Each structure stands twice: as structure tokens, then as C-alpha cells.
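Inspection log for the structure reproduced underneath, given as C-alpha cells.
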Amino acid sequence: MKAPNKQDVITYLKSDRTLTGGKNLYNKMIGRSLAIQNGFNRMTDTTQNKAIMYYEIGKLVGITEREIKIYTSKPIAKAETKAKEIIPIYTLEERVIMIDPNASREELLQQAIDLNEVSKIQLPIIPKFAKGLPGNKEMIAFLNENGIVPVKKKKKDLLQEIELYKTQATEKTSTEAIKTLLDYRDSLISKKLNESPIEVKQTLKLYEQFPFLRDKDCPDVYKILVNDMITAYTIYTEEQPLLFSNATLEELAKIAATVKNNFIENKDIWEELEYYQENKTPLGKHAIFFKMEVEKNIQELSAADLNKKVTNLRSNISRNKKKSKDKKRSEDERDASKVLYEKQQAELDIALTELDKRS
């Protein structure tokens, strides 16, 4: 996914200016601060907080405070209508696997910051020092705590020592964090390959069949689909022989359902890959595209609209569940109601996840 550039920020300042829009923009930007990002997530929707957000976002792309005031002093302009960008929500493992080990050091460092639960990165924090002699004493104490004995005790010399310490400590910490992240990625990929049956490795040969998967601009969704397909294929090939085992009728029914579902999943994903290979555009029939679209729409809702959405979904699910069991209705009507409430349940799960994030 392409990081926002200066023009994207200018468009936001001219046509959006919402707190939610600013958070979403900042979370995708290269060079963002994890501390500031977490601070934004705790912000309430006030004029002062939005002004802080405008400043931090503008700073990352070289927009001055004066320019920000000019853009935000004018009435909000109507943004140009364009196709919605579908932004998928990835699991931790998926995000790690999608890392490009050949990316620039800056990009890898940002990945390490974003995935700090894996990289365990702890960038050095420089405290604020008092003014005058008390501040000099604090700086000397800080340097001593970090194994540095300053030769010169003047303020400018101490500040130079601290800046040198920060640069060296950041470099060392960053290098270690990037290595930890890439090592975890390699071990994760090796683990998944070892877990895959020989049949998968020998027959799928996905990168030969679908060379677009190696392209830099290959949509991330197809990488997820490939991972899901391998999982579905593995389950299918492992469960199918069990149909001929000495299982009970109930066990056989469960196994048959698993085999059928995973065979269909594998077939559906293959169809998506073949279509994109030929047309360079999504077929969009697979459930993941519905999920991504729902996630995108729900992320754009205000807190009030999100709570309203949850209430409405719960009411609709309850109503359609009753319809699906109503013997007065035809079998087709009951089946249609079941499909509908299962779809609404999937939407509700996504909405509740988003609600939990904002709490």
C-alpha cells in the first residue's frame, strides 16, 4: 500500500480535516512516531487536538505551519469522487510475511516500529532537562547512567554528547530490531513450509503458475488468498482419506463437510488468481473481498454511527434467525434468511472489533 505523500495531505487539509481522517492518514505515513500515533488514538474531537494533528501530519511531508493555516482557513472543499480504496486488516503473521527484506533501511525501521511486538524495539528516549546549572547536572547524570563520562561540562558540550549518544544508541537499537524482525519472518516462513505437505510443495508451484505474485505492485490480498489456499488444500488432502476410515456416521458427516468446504475454498481462490492473471483486475467473488469492503465502510463510520450500526445488526440478526426457523415459510425462504443473518453476523463481528479498538 502506497504511503501518503504531500499532495494527499494537502487534499486532506482542504477537503476533510476530521480527526478520524487524520488518524487514518497518519497511521499510513512513513516516518511517523509510534508515541504520537498512540497519542492520536486517545485524542478527543476538539479544535485544539485537530490543530495538533494537522501540524504533525504536515511536518512529515514538509508542509509549514503557515501553509497549514492557509489551507484550513478556507471552507472545506468537496473532494473529488474516486473509487474507494479497500484496505484489508491483516493478522500479525500476515503483516510479518509481507515484509520485503530488500526494502530500504528506513522502511524496515518503520516496519520494526509498527511491529514492535515482534521486533521489541525500544528507541532511546531523551528526557527534558532543566535550565541553567541544574540542567547541566541532570545531563551529566543522564550521560553517566548510560556509561558516558563527559570531559567538558559546558551546556553545548553536554548537548553534543547527548546527541551523539542518541544517534549511536538509535543506530544500534534499530539494527538489532530490524534483524530480530527479519529473523522472525524467516523462521515463520520456514515453519509454514515445513508444515505444508509434500503434495502442496510439488503441485501448487504458485509462483510459476501466477508470476504476478512476484510483482512489487501485486495487491496484498492475493498473497493472503495464496496462504489461505495452501491451508485449504492441506486440510482437504489430509481429511479426504478419513472418509474411508472406520468413523461413526456423525464423524463422517463432519469430515465430509470439512472436505467439501475446503475443496470449494481452494477452487474459489484458484479462480480469483486465474482471473487476475488474465485481466489484472479482481474477480471479487471470494468472501475476502466482501470482508474487506465491510471493514473499510465500518472504519469510516463515526462513533455514533458505529454504535447505531451494531444495534441495527443485532436486531436484524435476531429477526432473520427467527425467519430461518419458521416452518410456515418455504425451505428456500428459510435458507435465504439463514444466508442473510450469517452475512450480518460477519458484519457485526467486524463492527464489534472496530468498536473495541476505539474504546
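The values are calculated or read from the model by the stated rules, or taken from the named source; none is laboratory data. All values derive from a computational prediction rather than experimental measurement. Positions of Cβ are backbone-derived with ideal geometry, glycine not excepted, and every protein chain shown enters the neighbour counts. Note: accessible area is taken over every heavy atom of the protein model, side chains too, but ligands, DNA and RNA are not part of it. Shrake-Rupley method; radii C 1.70, N 1.55, O 1.52, S 1.80 Å.
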Among the residues of region 272-289, the number that are of a type in the set (Asp, Glu) and either touching a strand residue (DSSP E or B) at 6+ places or on another chain (Cβ under 7 Å) or surrounded by 15 or more Cβ atoms within 10 Å (Cβ to Cβ) (or both) is 1
Where residues in region 4-17 are of a type in the set (S, T, N, Q) and in contact (Cβ under 8 Å) with a residue 12 or more places away in the chain, which of them is nearest to Ser174 (Cα to Cα)?
Asn5
Might you let me know whether region 310-329 holds any residue that is among the aliphatic types (A, V, I, L, M), more than 30 Å from Phe40 (Cβ to Cβ), in a helix (DSSP H, G or I) and in contact with a Leu (Cβ under 9 Å, 6 or more places away or on another chain)?
yes
Neighbours by Cβ (under 7 Å, 6+ apart or cross-chain): first from region 129-156, assigned to a loop (DSSP other than H, G, I, E, B); second aromatic (Phe, Trp, Tyr) and surrounded by 10 or more Cβ atoms within 10 Å (Cβ to Cβ)
Asn146/Tyr165; Ile148/Tyr165
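What are the residues in region 335-359 that are farther than 13 Å from Arg314 by Cα and assigned to a helix (DSSP H, G or I), if any?
Asp335, Ala336, Ser337, Lys338, Val339, Thr353, Glu354, Leu355, Asp356, Lys357, Arg358
Listed here are the residues, each with its yes/no results for (1) hydrophobic (A, V, I, L, M, F, W, C); (2) over 30 Å from Lys23 (Cβ atoms); (3) at pLDDT below 80.
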site	(1), (2), (3)
Asp220	no, no, no
Thr231	no, yes, yes
Thr234	no, yes, yes
Glu271	no, yes, no
Thr281	no, yes, no
Here are some conditions: (1) under 26 Å from the mean Cα position of the chain (by Cα); (2) open to solvent by 40 Å² or more (accessible area, probe 1.4 Å). Lys74 meets all but one. Which one does it not meet?
(1)
Of those in region 130-164 that are within 42 Å of the chain's Cα centre (by Cα) and among the polar types (S, T, N, Q), the residue most open to solvent (accessible area, probe 1.4 Å) is Gln160
Pair list, Cβ < 9 Å and 6+ apart or interchain, from region 63-89 residues that are closer than 24 Å to Ile224 by Cβ and modelled with pLDDT under 85 to residues that are open to solvent by 60 Å² or more (accessible area, probe 1.4 Å) and of a type in the set (S, T, N, Q)
Ile87/Asn24; Ile89/Thr353
Exactly one condition in (1) closer than 18 Å to Glu300 by Cβ; (2) at pLDDT 80 or above; (3) in contact with a helix residue (DSSP H, G or I) (Cβ under 6 Å, 6 or more places away or on another chain) is not met by Asp8; state its number.
(3)
Only unsatisfied item for Gly31, checking (1) closer than 20 Å to Glu117 by Cα; (2) part of a loop (DSSP other than H, G, I, E, B); (3) open to solvent by 60 Å² or more (accessible area, probe 1.4 Å), is (3)
